[in-house]
Amino acid sequence: MNEGLQDRLEKFGLSLYMIRVTLAASLSWLAVHSLYGDRYLYFAPLAAILITQSSVKASLEKGAYRLLGIVLGGIASLVVGRFFDVGALSILLMLLLGIGVATACRINIQAVSQVGVTSVLALTFYQDGYIVWRVAETLIGVLIALIINMIIVPPKGFVKVKDLALRGSLTLSDALTGLTSGGRDAAQALTALKLSGELLGKSKQLQNELHFTLSHYQCRKELGTLSQATSHLSRVHSYVKGISEELSLLPAHYAAADWMTEVVTATADCIALYGTRTLSDAECGRSLPESLRRARDVQLAWFSELQGQCPLAAFRDLGAVFSHLNRILEEIERADYAAISAGAQPAKAAPARAIRFIQKGLSHKL
């Protein structure tokens, strides 16, 4: 699907999910009608509608639970239906048998609820071969829904998720730098910190939607590297969030001191440099290992100097800040080592923002 066409369709409520559901349901009905005629035509489109999710994996899990519940419910109805007519007692025994066995086997709650639904319906249609039709047509609906999920994906999906992760890393770097500023700049830094978390989370969500699709196989190696980088950046985000909380407890003359700005900026530069190196094709003029060594040296130098200058209570709180800063460097170091070990190659299309970032320097405000 063309990217511009998708944007126009979404303005009228024609989302990608809706397109998947309608196509899967229509094709399921057509497939069953071609195979079986007019017998129980509603099971296949019903299954297609209920199991279609945002990702192939989620749809597969939901479809498997639905089929498992139908089979267990059908077996329970066959056992009870051989000895009892439809009534309150037979329904009671059937639900006790089906749901009880499913619960005892620790089956997912989605399958357990389907056991109850199928048991009641199967007992009602016991003489009409309901169970065989239900399983067969549900399987057809599930398969067609999975195929639709694999084929219909967002246009330029990989480029989008990679750009989201890059923007998240650069915004996170800016947020960390801005935390040492006072007043309005500090408030903007907290806003940037929240935004970076949203960008990384959105990228992770869209990455999961790309797995097992047809477009996934064209970039599966890069997608694996991107997923790994996003996970590392999410952990870095949690450390930056901890730093913001610790800085809020410090006296203003410590939190906004020049030496604190120097330490934090050196660490933030490493975040931005890692994101730019890993998530874009921009040529980085600086070495990430060298930047990590410099940031660590700055941290150690100022931490040693502050030991004899700060009161014990203030030094304890400062230690928490320096501890989080060091964890950020360690996480980036692990992330860079993992990327190098996997033989990661940067994408061909470099976002213009990353190129400007390299040209104007690591401390440039986005």
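The values are calculated or read from the model by the stated rules, or taken from the named source; none is laboratory data. What you see is a predicted model, and the numbers here were worked out from it, not measured in a lab. Note that we place each Cβ from the backbone using ideal geometry, even for glycine, and neighbour counts take in every protein chain shown. In case anyone asks, the SASA skips ligands and DNA or RNA and just uses the protein heavy atoms, side chains included. Shrake-Rupley method; radii C 1.70, N 1.55, O 1.52, S 1.80 Å.
Brief remarks on what is shown
- Residue pairs whose Cβ atoms lie under 8 Å apart, sitting 6 or more positions apart in sequence or on different chains, and linking a residue in the stretch 296-325 that is more than 18 Å from A252 (Cα to Cα) to a partner that is open to solvent by 60 Å² or more (accessible area, probe 1.4 Å) and modelled with pLDDT of 85 or more, are V298/E262.
- When Y126 is tested against (1) hydroxyl-bearing (S, T, Y); (2) modelled with pLDDT of 80 or more; (3) open to solvent by 20 Å² or more (accessible area, probe 1.4 Å), just one condition goes unmet, and that condition is (2).
- Test: residue in the stretch 203-221 that is more than 30 Å from I144 (Cα to Cα), in contact (Cβ under 8 Å) with a residue 24 or more places away in the chain and either of a type in the set (K, R) or touching a strand residue (DSSP E or B) at 6+ places or on another chain (Cβ under 8 Å) (or both): no
- Any helices (runs of 4 or more DSSP H) falling wholly within the stretch 2-56 and containing at least 1 residues that are modelled with pLDDT of 85 or more, in contact with a Leu (Cβ under 9 Å, 6 or more places away or on another chain) and among the polar types (S, T, N, Q): 16-36
- Members of the stretch 76-98 found to be over 12 Å from L121 (Cα atoms) and touching a residue at least 12 places away in the same chain (Cβ under 8 Å), listed by number: V79, V80, S90, L93, L97, G98
- The stretch 135-155 - residue that is of a type outside the set (V, I, T) and over 18 Å from Q114 (Cβ atoms) and, of those, most open to solvent (accessible area, probe 1.4 Å): M150
- Taking the stretch 202-297 as the region of interest, the helices (runs of 4 or more DSSP H) fully inside it that hold 1 or more residues being under 22 Å from V159 (Cβ atoms), out of contact with any Lys or Arg (no Cβ under 7 Å at 6 or more places or on another chain) and open to solvent by less than 20 Å² (accessible area, probe 1.4 Å) are 220-249, 258-279.
- Of residues in the stretch 39-55 being buried (at least 23 other Cβ atoms within 10 Å of the Cβ) and of a type outside the set (S, T, N, Q), the one farthest from I152 (Cα to Cα): F43
- Residue in the stretch 183-193 that is crowded, with 21+ Cβ neighbours inside 10 Å and not aliphatic (A, V, I, L, M) present: no
- Condition broken by V321, with the remaining ones in (1) open to solvent by 20 Å² or more (accessible area, probe 1.4 Å); (2) of a type outside the set (D, E, K, R); (3) at pLDDT 80 or above satisfied: (1)
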